[in-house]
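Working notes for the structure below.
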Ligand code: AMP
């Protein structure tokens, strides 16, 4: 399919939605279509751990237990990443922000704050999330760790829905459908809002 015509300003997109909702897959495909980077904070942190950096060493115990890595570490990482050249036409965030302080910091990086973002909240029933995560076999996709990650989402990330509903272009998208249909809907929203 032809690449997106994104118009003049940068298109900045945030994927909300719990672990297992399909954020990574959908964000990656949308990023390729738009020709902008997908920025996954989970992937960046795993890379730090693999390379044994100081940030990786700080993040690792939190990730192993399904908890969130402290805000300050994430905020600095994203500030640096989004300031790079390849983000000038926009970017897609997958897994950030996950807390209200992260969202507030992100909003402070762009001229019009939260209004500069398009948000996709991918909605998938809990039983389906558990089924998907069970089949994924990542080291943090096991029993109690999954429960903790879902709980963290509920407690700390869901409040972002209210934060963004008021200030940004917010779209709730049914993620419990064929992948292609979900992607098509996302592209439709980007075409309109870009
Ligand atoms: P993910 O690959 O997005 O599921 O992230 C895997 C893990 O990385 C999460 O369970 C957290 O421990 C950590 N992580 C990723 N993004 C963030 C974030 N924005 N804030 C805090 N922790 C994060």
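The values are calculated or read from the model by the stated rules, or taken from the named source; none is laboratory data. Bear in mind that the values here come from a model prediction, so they are computed numbers and not experimental data. All Cβ positions, glycine included, derive from the backbone under ideal geometry; neighbour counts span all protein chains shown.
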Members of the stretch 115-127 found to be farther than 16 Å from residue 158 by Cα and surrounded by 14 or more Cβ atoms within 10 Å (Cβ to Cβ), listed by number: 116, 117, 118
Which condition breaks for residue 160 when tested against (1) assigned to a loop (DSSP other than H, G, I, E, B); (2) in contact with a strand residue (DSSP E or B) (Cβ under 8 Å, 6 or more places away or on another chain)? (1)
Search result, residues across the stretch 163-193 that are modelled with pLDDT of 95 or more, assigned to a loop (DSSP other than H, G, I, E, B) and either surrounded by 12 or more Cβ atoms within 10 Å (Cβ to Cβ) or under 16 Å from the mean Cα position of the chain (by Cα) (or both): 175, 176, 177
Taking helices (runs of 4 or more DSSP H) that do not extend beyond the stretch 99-155, which have at least 1 residues that are out of contact with any strand residue (DSSP E or B) (no Cβ under 8 Å at 6 or more places or on another chain) and over 19 Å from residue 41 (Cα atoms)? 126-136, 143-152
Find the helices (runs of 4 or more DSSP H) located wholly in the stretch 3-82 whose residues include 1 or more that are touching a strand residue (DSSP E or B) at 6+ places or on another chain (Cβ under 9 Å) and more than 9 Å from the ligand (Cβ to nearest atom), and list them. 23-34, 71-82
Of all residues making up the stretch 83-113, the number that are within 16 Å of the ligand (Cβ to nearest atom), crowded, with 17+ Cβ neighbours inside 10 Å and under 27 Å from residue 187 (Cβ atoms): 12
What pairs can you find where one residue is in the stretch 71-97 and without any contact (Cβ under 8 Å) to a residue 60 or more places away in the chain and within 12 Å of residue 39 (Cβ to Cβ), the other is within 16 Å of the ligand (Cβ to nearest atom) and outside any helix (DSSP H, G or I), and their Cβ atoms are less than 7 Å apart, with a gap of 6+ or different chains? 74/96; 78/96; 79/109; 81/39; 82/91; 82/109; 86/37
Failed condition for residue 159, given (1) under 18 Å from the mean Cα position of the chain (by Cα); (2) crowded, with 17+ Cβ neighbours inside 10 Å: (2)
Test: residue 57 is closer than 28 Å to residue 89 by Cβ and surrounded by fewer than 22 Cβ atoms within 10 Å (Cβ to Cβ): no
